[in-house]
């Protein structure tokens with residue numbers, strides 16, 4: 001008596017499984033996740049671009065303040081000039097390294113998102 005019930009349940013489960021496999025749930029879910037990932041990437045890239053614009057606008061003032069306020073840069077400049085090296089670009093290089101560190105941090109965040 002249990003055989004007809006088992007075969008009936010088996011056929012019902014097969015029908016339900018076939019219907020669930022063909023409903024496209026996985027594709028819809030992956031599509032939504034992809035859209036969210038791309039939106040997150042665009043927001044981070046936009047924030048990085050705005051930060052780059054702000055950093056670029058303040059580059060001259062950062063270099064000037066590094067040149068004036070850092071005794072190490074002045075001492076290095078004096079020693080390097082005695083040795084015959086030009087250190088006119090030392091503050092600009094320090095500011096460039098600071099901006100590069102910011103870019104690397106943004107790249108690490110973007111890499112972690114993907």
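The values are calculated or read from the model by the stated rules, or taken from the named source; none is laboratory data. Worth saying up front: this structure is predicted, and the values here are computed from it rather than measured. Here Cβ is always computed from backbone atoms with ideal geometry, including for glycine, and neighbour counts include all displayed protein chains.
Filter the range 83-114 down to the residues that are modelled with pLDDT under 70 and in a helix (DSSP H, G or I) and list them by number.
Passing the criteria: 83, 90, 91, 113.
For the range 26-38, indicate whether the set of residues that are closer than 24 Å to residue 106 by Cα and either outside any helix (DSSP H, G or I) or touching a residue at least 60 places away in the same chain (Cβ under 8 Å) (or both) is non-empty.
The answer is yes, given that some residue of the range 26-38 is closer than 24 Å to residue 106 by Cα and either outside any helix (DSSP H, G or I) or touching a residue at least 60 places away in the same chain (Cβ under 8 Å) (or both).
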